[in-house]
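**Q** Mind having a look at this structure? Questions to follow.
The values are calculated or read from the model by the stated rules, or taken from the named source; none is laboratory data. The structure displayed is predicted, hence computed values, not measured ones. Cβ placement follows ideal geometry from the backbone for every residue including glycine, while neighbour counts extend to all protein chains displayed.
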Ligand code: AMP
């Protein structure tokens, strides 16, 4: 496995690989890797001649400076895990390397970045789009792998690729969970023992919403989830929404043929966790 910290040598290396006809799969991450990230690597390794992973804690997508400061960083372990997972190339740039000067791009994602994460984390998706577009231009992948754990992010990336007409296939990958249902997240290691014990309540609330979906009104499901989360003392609900999987617009009443997804964000102390589940 090769590690590059600078853009130019990475691009020179990849250009040769592309000229020699090799396909490139790309997995962007912010490090502190877990089995969710490694599942994306496994999909890429299976589909492509070369897999490139990036590790970059992108300051532009953090609207909360404290979250950025406390974001877990476990580089040595990450590199070992990438190597054993069959990753070929790791790109691990500094902030200066990625953004030698200020970048001012404002994307228009319509409704997609106005709801849920976009509403509660202003500027977050614009920052995600800036780094992903930059990384795609550097790595020129045939396919890029993103987790459905960040469902709204996936919608934004698909829109970005369409708006900027980038020739890359976006491959959605299923959510990897702990045995008790908690979606794997780099932030989970910041949970206290009591918070970690309470955290699978998020998954149980989503499962409950799914099992009620065919018999109960949307409003009743939302009220039920609200009560479930309120009953967990360690947890504060930021939002729970049932939205159309394509438009991400809230679903008020079910329509035939529409696929709905439940999305949730909660705080456990200072740690903010998100999760989602298809309801039909
Ligand atoms: P992050 O390092 O949090 O930016 O995540 C990098 C990629 O890993 C994103 O595409 C995430 O959606 C994906 N990812 C994070 N957690 C999981 C998970 N539990 N299951 C599947 N993919 C995940």
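**Q** Given the criterion more than 17 Å from residue 27 (Cα to Cα), within 16 Å of the chain's Cα centre (by Cα) and either outside any helix (DSSP H, G or I) or in contact (Cβ under 8 Å) with a residue 12 or more places away in the chain (or both), identify the matching residue among 160, 154, 112.
**A** Residue meeting the stated conditions: 112.
**Q** Select from segment 186-213 the residues that are assigned to a loop (DSSP other than H, G, I, E, B) and touching a residue at least 24 places away in the same chain (Cβ under 8 Å) and write down the one among them that is surrounded by the fewest Cβ atoms within 10 Å (Cβ to Cβ). Before you say what the answer is, go through the steps one by one.
**A** First, the residues of segment 186-213 that are assigned to a loop (DSSP other than H, G, I, E, B): 191-192, 199-200, 213.
This time we only want the ones that are touching a residue at least 24 places away in the same chain (Cβ under 8 Å), so: 191-192, 199, 213.
Details: 191: 19, 192: 12, 199: 25, 213: 18.
Across segment 186-213, the extreme among qualifying residues is 192.
**Q** Sticking with this structure for a sec: Would you check which residues across segment 116-139 are more than 19 Å from residue 64 (Cβ to Cβ) and outside any helix (DSSP H, G or I) and list them? Break it down stepwise before answering.
**A** In the first step, residues of segment 116-139 are kept if they are more than 19 Å from residue 64 (Cβ to Cβ); the result is 132-139.
None - no residue of segment 116-139 is more than 19 Å from residue 64 (Cβ to Cβ) and outside any helix (DSSP H, G or I), so the list stays empty.
**Q** Follow-up. If the requirement is being closer than 19 Å to residue 149 by Cβ, more than 8 Å from the ligand (Cβ to nearest atom) and surrounded by fewer than 23 Cβ atoms within 10 Å (Cβ to Cβ), which of these qualifies: 67, 35? Explain how you work it out, then say what you get.
**A** Numbers: 35 fails: more than 8 Å from the ligand (Cβ to nearest atom).
Result: 67 is the single residue among 67, 35 that is closer than 19 Å to residue 149 by Cβ, more than 8 Å from the ligand (Cβ to nearest atom) and surrounded by fewer than 23 Cβ atoms within 10 Å (Cβ to Cβ).
**Q** Another question, if that's okay. So if I check each of 221, 232, which one is assigned to a loop (DSSP other than H, G, I, E, B), under 26 Å from the mean Cα position of the chain (by Cα) and under 25 Å from residue 198 (Cβ atoms)?
**A** 232
**Q** Could you please give the count of residues in segment 140-151 that are assigned to a loop (DSSP other than H, G, I, E, B) and either surrounded by fewer than 17 Cβ atoms within 10 Å (Cβ to Cβ) or within 15 Å of the ligand (Cβ to nearest atom) (or both)?
**A** If we filter segment 140-151 for residues that are assigned to a loop (DSSP other than H, G, I, E, B), which is where we start, we get 140-142.
Next cut, either surrounded by fewer than 17 Cβ atoms within 10 Å (Cβ to Cβ) or within 15 Å of the ligand (Cβ to nearest atom) (or both) only: 141.
Of the residues in segment 140-151, 1 are assigned to a loop (DSSP other than H, G, I, E, B) and either surrounded by fewer than 17 Cβ atoms within 10 Å (Cβ to Cβ) or within 15 Å of the ligand (Cβ to nearest atom) (or both).
**Q** On to the next question. Of all residues in segment 252-277, which are at pLDDT 95 or above, under 12 Å from residue 213 (Cα atoms) and in contact with a helix residue (DSSP H, G or I) (Cβ under 9 Å, 6 or more places away or on another chain)?
**A** Passing the criteria: 260, 261, 262, 277.
**Q** Shifting gears a bit: Among the residues of segment 78-94, is any surrounded by 20 or more Cβ atoms within 10 Å (Cβ to Cβ), part of a helix (DSSP H, G or I), away from the ligand (no atom under 16 Å from the Cβ) and more than 19 Å from the chain's Cα centre (by Cα)?
**A** No, because not a single residue in segment 78-94 is surrounded by 20 or more Cβ atoms within 10 Å (Cβ to Cβ), part of a helix (DSSP H, G or I), away from the ligand (no atom under 16 Å from the Cβ) and more than 19 Å from the chain's Cα centre (by Cα).
**Q** Mind checking which pairs have a first residue in segment 131-150 that is at positive phi and a second that is within 13 Å of the ligand (Cβ to nearest atom), Cβ under 9 Å, 6 or more apart or different chains?
**A** 140/26
**Q** Check off (1) within 14 Å of the ligand (Cβ to nearest atom); (2) part of a loop (DSSP other than H, G, I, E, B); (3) in contact with a helix residue (DSSP H, G or I) (Cβ under 7 Å, 6 or more places away or on another chain) for residue 73 and give me the number that stays unchecked.
**A** (3)
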